[in-house]
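Peer 1: The structure's right below; bear with me while I get my questions together.
The values are calculated or read from the model by the stated rules, or taken from the named source; none is laboratory data. Because the structure is predicted, anything quoted here is derived from the model rather than measured. Cβ: placed from backbone, ideal geometry, glycine included. Neighbour counts: every protein chain shown. All accessible areas refer to the heavy atoms of the entire protein, side chains included, with ligands and DNA or RNA removed. Shrake-Rupley method; radii C 1.70, N 1.55, O 1.52, S 1.80 Å.
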Amino acid sequence: MSSSEALAVLWKRADKAVLTIALILFGIAWLLPEQLRDSLAFTGHSLLEIAPWIAISVLIAAYAKASKADALIARAFTGHPARMIALASLLGALSPFCSCGVVPVIAGLLGAGVPLPPVMAFWMSSPLMDPNMFFLTAANLGLEFALVKTLVAIGMGLLSGSITYLLVARGFLSQALRVEQSGMPKQGANAQAQWNVLRSPQARHALLASALSNGWMLLRWMTLAFLLESLMVSYLPADKVAALLGKDASAIPLAVLVGIPAYLNGFAALPLVRGLIDLGMSPAVALAFLVSGGVTSIPAATAVWALVKPRLFAVYLFLAILGSLLAAFAYSAWLALP
């Protein structure tokens with residue numbers, strides 16, 4: 001067997017995230033040795049910072065699966081498509097999940113058999129707003145901006161859910177998950193919830209299997225994401241972002257594209273955006289940056305890529321970019337009114 005064939009076999013059999021992390025660390029140590037310590041420190045600090053949110057979301061998703069509460073959620077998202085999508089959009093805007101923390105919840109919903117359109121609506125609206133984020137946004141950027149972003153979160157859910165419904169109806173989207181989650185079979189529509197999961201050995205096994213599966217998936221892919229982010233923080237500082245984005249509505253498309261790699265997280269982005277607005281950037285451009293980055297930041301997109309089929313991943317990116325552009329241009333037009 002040649003060396004190229006051996007490498008191909010290794011890549012096919014190895015865990016892609018772990019192998020990529022090892023290759024990136026090797027590359028940094030070889031090409032940028034002075035950056036290695038900073039990247040490791042940044043990655044470790046970021047993982048510790050987001051660990052509580054990931055742990056909570058993983059445990060909630062695992063409990064929902066083990067208790068069969070996800071079947072109740074699935075039944076809640078049944079009925080007329082418009083009602084399902086609207087309900088999911090509202091619930092998403094009220095839920096406390098970040099763009100990464102929502103991933104295991106999405107996996108649980110899809111595994112429970114919840115239709116893809118309301119899942120996509122929840123998926124798009126959830127990372128953009130929650131009660132805590134609303135007050136922090138109002139404190140940093142003003143009550144008007146917080147209200148606008150809340151409406152955008154709901155609107156993104158409605159738009160994304162509706163487009164996904166049309167794509168599903170035409171057969172463009174079918175199976176969503178890359179693989180069935182181990183230890184977590186789909187629940188039937190008539191499954192009865194078992195709230196005390198510690199009583200049943202089967203439920204305890206499902207709880208543990210779900211937590212380990214989702215936790216390991218997020219840990220390795222989030223490590224990769226934060227490792228990449230450490231390089232962006234070092235070589236794409238805030239002043240360069242400010243210079244790129246400009247000050248008027250013509251910068252909205254660029255803000256959408258820049259928001260994907262440059263967005264850190266919802267809390268860290270607020271003071272950055274406030275500083276950019278103080279420098280003269282349009283609030284509409286700021287909205288484009290926050291919305292596109294909030295849904296498709298590299299950590300979130302990396303976790304999503306590990307979860308869903310490539311076609312659904314492409315639709316997810318398309319809907320995030322389309323919704324961000326529409327929201328920002330609409331806000332710019334509203335600001336321009338006399």
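Peer 1: Just by accessible area at a 1.4 angstrom probe, what is the order of K309, K149 from largest to smallest? Each step should come with its number before you reach the end.
Peer 2: On the way: K309 70, K149 15 Å².
I get K309, K149, largest accessible area first.
Peer 1: Moving on to the next point. So the label point goes 7 Å from the Cα of L337 along Cα→C-beta, right? Which residues of the stretch 140-176 then have their backbone N under 17 Å from it?
Peer 2: In the stretch 140-176, the label zone of L337 (backbone N under 17 Å from the point 7 Å along Cα→Cβ) covers 144-152.
Peer 1: Highest mean first, what order results for 320-329, 164-173, 28-37 on Cβ atoms within 10 Å?
Peer 2: Order by mean packing, descending: 320-329, 164-173, 28-37.
Peer 1: Using a 1.4 Å probe on the protein heavy atoms only, what accessible surface does T20 show? Give it in Å² to the nearest 10.
Peer 2: Counting only protein heavy atoms, T20 exposes about 40 Å² to solvent.
Peer 1: Classify the stretch 281-334: rounded, prolate or oblate, from the alpha-carbon gyration tensor (a ≥ b ≥ c, eigenvalue square roots; a/c under 1.5 rounded; otherwise prolate if a/b is larger than b/c)? Don't skip to the answer; put the middle values down first.
Peer 2: Values: a/c = 5.37, a/b = 2.15, b/c = 2.50.
The shape class here is oblate.
Peer 1: Note down the nm distance, to one decimal, between modelled labels 7 Å out along Cα→Cβ at L94 and at L254.
Peer 2: The two pseudo-label positions are separated by 4.1 nm.
Peer 1: Can you figure out the FRET efficiency of L48 with L212, using R₀ = 22 Å and their beta-carbon distance, to the nearest 0.05?
Peer 2: Values: r = 20 Å, r/R0 = 0.90.
Here the calculated transfer efficiency is 0.65.
Peer 1: Let me ask something else. Counting only residues 5 or more places away or on other chains, whose amide H sits under 5 Å from the amide H of V308 once H atoms are built in the peptide plane?
Peer 2: Under 5 Å from the amide H of V308 lie the amide H atoms of R178, each far enough along the sequence or on another chain.
Peer 1: If you don't mind, another one. Apply the Karplus curve 6.51 cos²θ - 1.76 cosθ + 1.60, θ = phi - 60°, to the phi angles in the stretch 149-165 and return the couplings in whole Hz, x for Gly and Pro.
Peer 2: 5, 5, 5, 5, 4, 5, x, 4, x, 4, 5, 5, x, 5, 5, 4, 4
Peer 1: Please sort 122-130, 80-88, 152-160 by packing, taking for each peptide the average over its residues of neighbouring beta carbons within 10 angstrom, highest first.
Peer 2: 122-130, 152-160, 80-88
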